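**Q** Provided herewith is a single structure, encoded as structure tokens, for subsequent inquiry.
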Amino acid sequence: MSEQAIIKKFMYVNRKSPYGTIYALESLEVVLITAAFDQDVSLVFTDDGVYQLMKNQNTEGIGMKNFSATYSALGDYEVKKVYIDKESLEERGLSLSDLQELVWEDEDEDYAEKSLINLVSRSELSEIMNNQDVVLSF
Amino acid sequence: MSMLHTVNKSPFENSTVLSCISLCSKNSSILFIEDAVISVMKSTKFTDVINNSLKDFKIYALKPDLEARGLSLDNVIEGVKVVGYEEFVDLTTEHDSVQSWL
């Protein structure tokens with residue numbers, strides 16, 4: 001009997017700003033671990049979680065590690081579903097241009113870089129969330 | 001008596017920033033640190049509250065915490081003073097007491 005690999009749909013919901021708490025960093029680490037086990041991973045940035053992807057983070061002054069560059073590894077880990085809540089950006093006066101770009105390389109198309117980021121409304125997000133097997137909150 | 005209020009939580013996360021503003025007296029000051037620095041950015045839903053508060057008391061935001069979060073100093077509401085750790089120390093000594101909001 002052959003063993004069938006079980007692939008579940010995991011969603012990680014990031015709702016906190018980076019550095020104020022450890023949640024953002026812990027979430028990123030767990031996401032990369034789950035992705036390494038070939039699971040179906042979705043990553044959501046909503047509420048203050050959208051600040052995690054801000055460009056130009058400089059943590060020299062607060063003496064903490066700047067982990068924002070690590071998000072660019074998501075594509076290499078085959079995490080291709082990143083959802084950003086449009087309303088959360090708007091109520092913070094932010095737009096996608098304030099956030100870092102996240103891409104993956106499509107080897108079927110001569111390693112063309114494609115964006116991982118999907119800007120979604122709350123109602124779209126609600127539907128995507130509803131289709132998950134496991135939702136983890138950070 | 002003057003009091004320095006420090007707040008460290010995002011205004012989007014809980015109501016501490018708003019409670020602090022409503023309880024701050026006219027000769028006192030508020031210093032936003034850690035995630036609370038989000039409060040002083042332009043174009044958020046809290047911008048009007050901060051603008052109105054600036055008529056009544058001084059508002060400060062800690063620069064290293066803005067920089068860490070990639071929040072541009074150019075987008076800080078006019079009238080809010082951006083300070084470093086040394087000025088944080090000065091503020092604590094210039095006021096009669098410090099209230100550190102949780």
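The values are calculated or read from the model by the stated rules, or taken from the named source; none is laboratory data. Quick caveat, the model's predicted, so the values are computed rather than measured. Note that we place each Cβ from the backbone using ideal geometry, even for glycine, and neighbour counts take in every protein chain shown. Note: accessible area is taken over every heavy atom of the protein model, side chains too, but ligands, DNA and RNA are not part of it. Shrake-Rupley method; radii C 1.70, N 1.55, O 1.52, S 1.80 Å.
**Q** Tell me which strands (runs of 3 or more DSSP E) are completely within chain B and hold 3 or more residues being of a type outside the set (Lys, Arg) and out of contact with any Ser or Thr (no Cβ under 6 Å at 6 or more places or on another chain), or say none if there are none.
**A** Passing ranges, in order: B:58-62.
Results for (1) at pLDDT below 95; (2) loosely packed, with under 15 Cβ neighbours inside 10 Å; (3) within 16 Å of the chain's Cα centre (by Cα); (4) assigned to a helix (DSSP H, G or I), shown as yes or no for each residue.
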site	(1), (2), (3), (4)
A:GLU90	no, yes, no, yes
A:LEU94	no, no, no, no
A:GLU101	no, yes, yes, no
A:GLU105	yes, yes, no, no
A:ASN118	no, no, yes, no
A:SER123	no, yes, no, yes
A:GLU127	no, yes, no, yes
A:GLN132	no, no, yes, no
A:LEU136	no, yes, yes, no
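**Q** Where residues in segment B:1-36 are within 9 Å of another protein chain (Cβ to nearest Cβ) and open to solvent by less than 50 Å² (accessible area, probe 1.4 Å), which of them is nearest to A:GLN57 (Cα to Cα)?
**A** Selected residue: B:ASP35.
**Q** Report, ordered by the first and then the second residue, all pairs with beta carbons closer than 6 Å, sequence separation of six or more or different chains, a first member in segment A:4-18 that is within 14 Å of chain B (Cβ to nearest Cβ), and a second member that is part of a strand (DSSP E or B).
**A** A:ASN14/A:PHE45
**Q** Now for a separate question. Scanning for something surrounded by 24 or more Cβ atoms within 10 Å (Cβ to Cβ), of a type outside the set (S, T, N, Q), in contact with a strand residue (DSSP E or B) (Cβ under 9 Å, 6 or more places away or on another chain) and within 10 Å of chain B (Cβ to nearest Cβ), does segment A:27-47 turn up at least one residue?
**A** no
**Q** Go through the residues of segment A:78-90 one by one and say whether even a single one is within 30 Å of B:PRO11 (Cβ to Cβ), among the aromatic types (Phe, Trp, Tyr) and within 14 Å of chain B (Cβ to nearest Cβ).
**A** no
**Q** Consider only pairs whose beta carbons are under 7 Å apart and that are at least six residues apart or on different chains; among these, list those whose first residue lies in segment A:91-104 and is at the interface with chain B (Cβ under 8 Å from one of its Cβ atoms) and whose second residue is open to solvent by 50 Å² or more (accessible area, probe 1.4 Å) and of a type in the set (Ser, Thr, Tyr).
**A** As it stands, the answer is A:GLY93/B:SER43, since those pairs meet every condition given.
**Q** Now for a separate question. Which residues, taken from segment B:48-66, are within 13 Å of another protein chain (Cβ to nearest Cβ) and open to solvent by 60 Å² or more (accessible area, probe 1.4 Å)?
**A** Matches in segment B:48-66: B:ASP48, B:LYS63.
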